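Input: a single structure, listed below in structure tokens.
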Amino acid sequence: MPLRVGTRASQLAKAQAVKVCTLLEDLGVETELVFISTAGDEQTGVPLHEIGGQGVFVRALDDALEQNKIDLAVHSMKDIPAERPSGLVTSAILARDSPCDYIVTDQGLDEITTIGTSSTRRTAQCRRHLPWAEIKPLRGNVNTRLSKLQRGEYDAIMLAKAGLERLSMNLDGYQLDPRVHVPSPNQGTIAVVSRTDPDVTDIVSKIDDPGTRMDTMLERRVMEMIGGGCFTPLGIYCKDRVMIAEVLSLEGDRNYRLERLVSDRDDAGRFGLEVREKAGDLIREAYERLGITHG
């Protein structure tokens, strides 16, 4: 029987799932796609933090795995929250695509007056680096966002460069340096989640990229120790174990940044604790401003 590969139905999510299926089929493994609707897809008119935050794109797929409706779930790894259900495992992490943010626009940076994004991180970074531009909320899939840009609702919108690459879109705009505009942890990475079933994990592990797994799992360890999720303007990026983490105020006018080489998961944990201690006021402030309880 083919492996049932669960995915959201958006064009980008489907492209990511097809990539996983192609890699598996190259190994002689038969697959079939199963489309699952999530709360994040159904409620596009409100910010993510108002409908449950980072996990809203993941929970329905987790449920489908636990109910044995699918064998694998394909995610943008940055959407997977730190706390995971028991019995589920990240059985493969694909080689990382671009981690960069991308400003889609046909204007010069100094000509932009409105930028569309609903990410607190991107909002804060834009307010710091492009303070003359108004930041307006923007959610929906890539095509929805691009159609709003084309209708003139925004001068520019912010997207992940990896998503554009996966959709084979070559658009005018500006690729941002991830060492300056520090991306969300795991941005640019596709993860495959399954039940802890050796018959499945032994197969799927063959498409795992060890270098990407190391960097992204170190990023996740830092994320776990800092806390904050998608509510705090927080960027975390690791390449070849060189870790950068940055916490910003919602206005982007204050920040704490730490950068150094981390040796392993324990060291990444210490790195995260240091950031949490030094940036604690910024994290608490973001939660209070957004009206969210922070433990």
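Within the set V182, V192, V200, the sole residue that is in contact (Cβ under 8 Å) with a residue 12 or more places away in the chain and part of a strand (DSSP E or B) turns out to be V192.
Condition check: out of contact with any strand residue (DSSP E or B) (no Cβ under 6 Å at 6 or more places or on another chain) and at pLDDT 95 or above. Does G28 satisfy that? Yes, satisfied.
Scanning the stretch 233-263 for residues that are outside any strand (DSSP E or B), touching a residue at least 40 places away in the same chain (Cβ under 8 Å) and over 18 Å from N186 (Cβ atoms) returns S249, L250, E251, G252, D253.
Given the criteria assigned to a helix (DSSP H, G or I) and either closer than 15 Å to P178 by Cβ or at pLDDT 95 or above (or both), does R221 qualify? Judged against the criteria, R221 is a match. In the stretch 96-129, of all residues being surrounded by fewer than 17 Cβ atoms within 10 Å (Cβ to Cβ) and touching a strand residue (DSSP E or B) at 6+ places or on another chain (Cβ under 9 Å), the one that is nearest to L24 (Cα to Cα) corresponds to D106. Across the stretch 45-61, the number of residues qualifying as at pLDDT 90 or above, in a helix (DSSP H, G or I) and buried (at least 21 other Cβ atoms within 10 Å of the Cβ) comes to 1. Of all residues in the stretch 232-260, which are surrounded by fewer than 22 Cβ atoms within 10 Å (Cβ to Cβ) and of a type outside the set (D, E, K, R)? Matches in the stretch 232-260: V242, I244, S249, L250, G252, N255, Y256, L258.
The values are calculated or read from the model by the stated rules, or taken from the named source; none is laboratory data. Just so we're clear, the structure is a prediction, and the values are computed from it rather than from any experiment. All Cβ positions, even for glycine, are placed from backbone atoms using ideal geometry, and neighbour counts span all protein chains on display.
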